[in-house]
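Below is one structure, written out as structure tokens; comments come after it.
The values are calculated or read from the model by the stated rules, or taken from the named source; none is laboratory data. Everything numeric here is computed off the predicted structure, so don't read it as measured data. Heads up, the Cβs are rebuilt from the backbone with ideal geometry, glycines too, and the neighbour counts pull from every protein chain shown. The protein model used for the area step is the full one, side chains on, heavy atoms only, and it has no ligands, DNA or RNA in it. Shrake-Rupley method; radii C 1.70, N 1.55, O 1.52, S 1.80 Å.
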Amino acid sequence: MSGTLYLCATPIGNLGDITLRTLETLKNVDLIAAEDTRRTLTLLNHFEIHAPLTSYYEHNKAQKGKVLIEQLLEGKNIALVSDAGMPGISDPGQMLVESCVKHNIRVEALPGASACLTALIASGLDTSRFAFEGFLSMNRTGRAERLQEVKNEPRTLIFYEAPHKLIATLKDMLDVWGNRRIVLARELTKKYEEYRRTTLQDALEYYETNPPKGEFVLIIEGKNPDELANEQRLQMPSPEELLNRYAGEGMRGRELVKKVAEELNLPKREVYDLHLKLKK
């Protein structure tokens, strides 16, 4: 029988946030695969855990992933951990899980600390619907394109950001989205944990004079549905414009009326009456 891959959440700051189940699992597996073995070793030493440790990170995930799958198929139990939080979120864990599924290897997730959810529930913004976007591109063009893609997203948006990129990211968000409410959570569960509840404009002005420190989770309100509906109405052509456009393309009678009514979500009778007026 093959072994089991255990996805073990590790503390995002305070070591006391690790679960008893995760500690027990880390003590008993045959191998621990870690994103950063030095960082994980500090955690293991703190809890006096002596299981063998190996690296599994972005630049060796293809080669090392095959090795780990072979060991799992041989019956070994392996724990996968990231630097902090849940493995598989903004790290290469997803690829290993996909391989396990293909090889019918059991995967067991052990719940625990998560930076994005920790920041979200304390943000004060809408938690009923949200979208996790992770890290943005280092390239400004790629970053702007991604922000444009989610510009009209009504759900609360969650991003991770490093301190040296924060100001550039805030500038791009402000340029693409306009001013919105944002909560900047940094150093979560650590000594200098901070939540700054403000707007994109004010956040940018603050960090331009106060250099950002620590890793950030950015929680940004989604597009206001009423504002989005108004923008769409302003961008939508009038019934007269569409009737004239399609008539100029050779469309006639019922086909013309049906086309315009469906495109603008209007009653056919209303479009038909307008069509008759334009013909006079």
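In this view, the solvent-accessible surface of SER114, computed with a 1.4 Å probe and all protein chains in place, comes to about 20 Å². As a fraction of the 1.4 Å probe accessible area of the chain, surface on carbon and sulfur atoms comes out at 49 percent.
Volume per residue of the convex hull around the Cα atoms, evaluated for the stretch 130-252, comes out as 132 Å³. Computed over the alpha-carbon pairs of the chain, the distance histogram in 10 Å steps reads 6, 22, 22, 18, 13, 9, 6, 2, 0 percent, short to long. Beta-bridge orientation, the chain: approximately 45 percent antiparallel, per DSSP, counting only bridges with both partners inside. In a GNM of the chain with a 10 Å cut-off on Cα contacts, which of LEU26, LEU218, LEU256 has the highest mean-square fluctuation? Among LEU26, LEU218, LEU256, the largest GNM mean-square fluctuation belongs to LEU256. Once C-alpha pairs closer than 8 Å and six or more residues apart are averaged by separation and normalised to the residue number of the stretch 156-262, the relative contact order reads 31 percent. Taken over the stretch 8-89, the percentage of Cα pairs per 5 Å bin, counting from 0 up to the bin with the maximum distance, is 3, 16, 28, 28, 17, 7, 2, 0.
Of the trypsin sites (Lys or Arg not before Pro) in the stretch 169-202, the ones in a loop by DSSP (not H, G, I, E or B) with at most 11 other beta carbons within 10 Å are LYS191. A simple charge model with +1 on the Cβ of Lys and Arg, -1 on the Cβ of Asp and Glu and nothing else charged puts the dipole of the chain at about 760 debye relative to its Cα centre. Loop-resident trypsin sites (Lys or Arg not before Pro) (DSSP state other than H, G, I, E or B) in the stretch 89-129 with no more than 14 further Cβ atoms inside 10 Å of their Cβ: ARG129.
Per-residue accessible area (protein heavy atoms, 1.4 Å probe) orders PHE132, PHE159 as PHE132, PHE159, starting from the largest. The residues of the stretch 149-280 present an accessible area of 60 Å² per residue when probed at 1.4 Å with all protein chains retained. Counting every alpha-carbon pair across the stretch 29-143, the share separated by more than 18 Å comes to 58%. Placing +1 on the Cβ of every Lys and Arg and -1 on the Cβ of every Asp and Glu, with no other charges, gives the stretch 109-216 a dipole of roughly 100 debye about its Cα centre.
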